[in-house]
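Take a look at the structure below.
The values are calculated or read from the model by the stated rules, or taken from the named source; none is laboratory data. The model shown is predicted, which means the values in this text are computed figures rather than measured ones. Glycine also receives a Cβ, built like all others from the backbone with ideal geometry; neighbour counts cover every protein chain displayed.
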């Protein structure tokens, strides 16, 4: 069985005869680095396959081949395809949220169109990778094991939108954030699926229109 972490044998002296014997240390060894690297390689391969061919492309055989590992490695580290898919989905969500936070780190400006440009900049990513993410997001509607990950994706997107709205001086309560984030997500899926040449421009204009509705009223001086 690959990569088992058996305790390391050590030499001790027998208390009565002084003969060296082999005993087993009572403390288990930490997981081997090789085992950790293999598991990470399999997850990376699964994420890549999600981008290449979507949900159906992630099989034990395909993942092992992409990772350059024996087929038995996938069933050793992942008890089922469902577990492999769930962990790959979680990793993809984690990476995409990190990329999005970085992409909106600097505001293009505070005017509605400029803030909309910042928010829709999250579209600037690998389209096939995004297709894999949104395909798994929809699959979560049928797979309860994926729902917590789908919610983490939505919550993460909401947090990013809230941060952008706050920095730009817009109302950023739960209702306002859901209004903008929900619109943005719908436009994002549309752009990924339809790949219209002017899709991002249309999304930017729609988000700018929504932000205009959120603008706080002008201060009244007396």
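At-a-glance table
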item: In the range 97-151, residue nearest to the chain's Cα centre (by Cα) [restricted to those that are modelled with pLDDT of 90 or more, outside any helix (DSSP H, G or I) and surrounded by fewer than 13 Cβ atoms within 10 Å (Cβ to Cβ)]; result: 141
item: Yes/no for residue 86 being under 18 Å from the mean Cα position of the chain (by Cα), surrounded by 15 or more Cβ atoms within 10 Å (Cβ to Cβ) and in contact (Cβ under 8 Å) with a residue 12 or more places away in the chain; result: yes
item: Yes/no for residue 93 being over 18 Å from residue 48 (Cα atoms) and touching a residue at least 12 places away in the same chain (Cβ under 8 Å); result: no
item: Qualifying residue in the range 43-60 (condition: out of contact with any helix residue (DSSP H, G or I) (no Cβ under 8 Å at 6 or more places or on another chain), at pLDDT 90 or above and either exposed (fewer than 14 other Cβ atoms within 10 Å of the Cβ) or under 30 Å from residue 171 (Cβ atoms) (or both)); result: no
item: Among residues of the range 157-188, those that are free of Cβ contacts under 8 Å to residues at least 60 places away in the same chain and either crowded, with 16+ Cβ neighbours inside 10 Å or more than 23 Å from the chain's Cα centre (by Cα) (or both), counted; result: 17
item: Hey, residue 208 in a helix (DSSP H, G or I), surrounded by fewer than 20 Cβ atoms within 10 Å (Cβ to Cβ) and out of contact with any helix residue (DSSP H, G or I) (no Cβ under 6 Å at 6 or more places or on another chain) or not; result: no
item: Residue check for residue 38: over 18 Å from the mean Cα position of the chain (by Cα) and over 26 Å from residue 158 (Cα atoms); result: yes
